[in-house]
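Visitor: This structure is in structure tokens; I'll ask about it shortly.
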Amino acid sequence: MREEKNFSYKCEFDEEFKFILLPTSYGIVFCLGLVLNVLALYIFIFKIRPWKVINVFMFNLAVSDLIYVLSLPLLIHYYSKENNWPFGMVLCKIVRFLFYTSLYCSIHFLLCISICRFLAVCYPIKFIIWCQIRYARIIAIGIWVVIIGIESPILYFVTTSNIDNDIVCHDTSNPDLFDQFIIYSTVNLVLLFCVPFIILLVCYGLMAYALWKPATATSQNSESKKKSIKMIIIVLLVFIICFLPFHVTRTMYYYFRKMDLDCFTLNAINIAYKVTRPLASANSFIDPILYFLVWRFRLRVTR
């Protein structure tokens, strides 16, 4: 069985499973993500008029997902060839950069959508004042600029190396920079995942409380509340399934390597980390399904 030597560590990781898992899962994500995001962008551009605030964030979410999906064929080829990267160091850096940029843009656009829903349910007056198209466009541009800026060090850290006559495209850094990379990754984790996740949980908790409060309401309003709660549950599940396992296992993987643990433990967390990467990628085709659910929900509410 082929084993890949970790170029910055004493252990050899058995990664034969990923040469089947990753090309297959990335291939599925590419096919579904390409079709669904192109369809979503077509609907946004040609079918939806006028745009509402939430459409601005959904459009940018679709653009982010599509950019990542278009980079997947290179990774599919790479893993199908068992960690042999023929495309050069520059493309290796770009592909890793696109993954993290898309990941954190998706998280923050989902957060913006969630905050808009929170304001609409809990503070409708403030929603009318704050959630306007011009503000949404400024926020969307700001998210792109900030995320690209924060993720740009990836282009510095990520590198390739020659291992057993294969060119490996690493998603970390060379050994000399690994300690700095862990610090950078931790800052990323806190600022770009933990903080948005906490805000999202608070917003959705308050929304659920407001929606479940007993009040004199028509059966139509009661039905709308039930559908709103279903949407809260769906978005939270997507967030937890796609993003949480990846960030937990990735952080453990980095720190376990730094702590110089035994090879059995390192191999176990390495496997867990590799398994969660397709979950993070799956967000690229799950987002368009959420668009459909939101549009379907709105159509029913407005009947």
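Visitor: Residue check, Asn83 against (1) more than 19 Å from Phe246 (Cβ to Cβ); (2) open to solvent by less than 30 Å² (accessible area, probe 1.4 Å); (3) of a type outside the set (Lys, Arg); (4) in contact with a helix residue (DSSP H, G or I) (Cβ under 6 Å, 6 or more places away or on another chain), all met but one. Which one?
Guide: So the condition that Asn83 fails would be (4).
Visitor: For Ser80, state whether it is farther than 20 Å from Phe285 by Cα and in contact (Cβ under 8 Å) with a residue 24 or more places away in the chain.
Guide: Values: farther than 20 Å from Phe285 by Cα: yes; in contact (Cβ under 8 Å) with a residue 24 or more places away in the chain: yes.
Here the answer is yes, as Ser80 does meet what is asked.
Visitor: Consider region 35-73. How many of its residues are open to solvent by less than 20 Å² (accessible area, probe 1.4 Å) and free of Cβ contacts under 8 Å to residues at least 40 places away in the same chain?
Guide: The number of residues fulfilling the criteria is 3.
Visitor: Still on this structure, I have one more. Is it the case that some residue within region 190-211 is open to solvent by 20 Å² or more (accessible area, probe 1.4 Å), within 26 Å of Met89 (Cβ to Cβ) and modelled with pLDDT of 90 or more?
Guide: Taking every residue of region 190-211 in turn, none turns out to be open to solvent by 20 Å² or more (accessible area, probe 1.4 Å), within 26 Å of Met89 (Cβ to Cβ) and modelled with pLDDT of 90 or more.
Visitor: Checking the structure you have, find out if any residue of region 24-34 is open to solvent by 60 Å² or more (accessible area, probe 1.4 Å), polar (S, T, N, Q) and not in a loop (DSSP other than H, G, I, E, B).
Guide: Yes; the residues of region 24-34 include at least one that is open to solvent by 60 Å² or more (accessible area, probe 1.4 Å), polar (S, T, N, Q) and not in a loop (DSSP other than H, G, I, E, B).
Visitor: Please find, within region 153-173, the residue that is modelled with the highest pLDDT out of those that are open to solvent by 50 Å² or more (accessible area, probe 1.4 Å) and outside any helix (DSSP H, G or I).
Guide: Ile167
Visitor: How about region 136-172: which of its residues are free of Cβ contacts under 8 Å to residues at least 40 places away in the same chain and more than 22 Å from the chain's Cα centre (by Cα)?
Guide: Asn162, Asn165 - these are the residues of region 136-172 that are free of Cβ contacts under 8 Å to residues at least 40 places away in the same chain and more than 22 Å from the chain's Cα centre (by Cα).
Visitor: Return a yes/no flag: does region 130-147 have any residue that is touching a helix residue (DSSP H, G or I) at 6+ places or on another chain (Cβ under 8 Å), of a type in the set (Val, Ile, Thr) and either part of a loop (DSSP other than H, G, I, E, B) or under 17 Å from Lys93 (Cα atoms) (or both).
Guide: Yes.
Yes/no matrix, rows are residues, columns are (1) open to solvent by 60 Å² or more (accessible area, probe 1.4 Å); (2) farther than 19 Å from Ile138 by Cβ; (3) hydroxyl-bearing (Ser, Thr, Tyr):
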residue: His77; (1), (2), (3): yes, yes, no
residue: Leu110; (1), (2), (3): no, no, no
residue: Ile115; (1), (2), (3): no, no, no
residue: Phe118; (1), (2), (3): no, yes, no
residue: Ile128; (1), (2), (3): yes, no, no
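Visitor: Next question. When you check Ser102 against the structure, is it touching a Phe, Trp or Tyr at 6+ places or on another chain (Cβ under 7 Å) and within 28 Å of Leu74 (Cβ to Cβ), yes or no?
Guide: Yes; evaluated as a whole, the condition is true for this residue.
Visitor: Of the residues Cys105, Cys116, which single one is within 30 Å of Ile233 (Cβ to Cβ) and over 14 Å from the mean Cα position of the chain (by Cα)?
Guide: Cys116
The values are calculated or read from the model by the stated rules, or taken from the named source; none is laboratory data. Not measured: the values here are computed from a predicted model. Please note: Cβ atoms are built from the backbone with ideal geometry, for glycine as well, and neighbour counts cover all protein chains shown. Ligands, DNA and RNA are stripped out before the accessible areas are found, and what is left, the full protein with its side chains, is counted by its heavy atoms. Shrake-Rupley method; radii C 1.70, N 1.55, O 1.52, S 1.80 Å.
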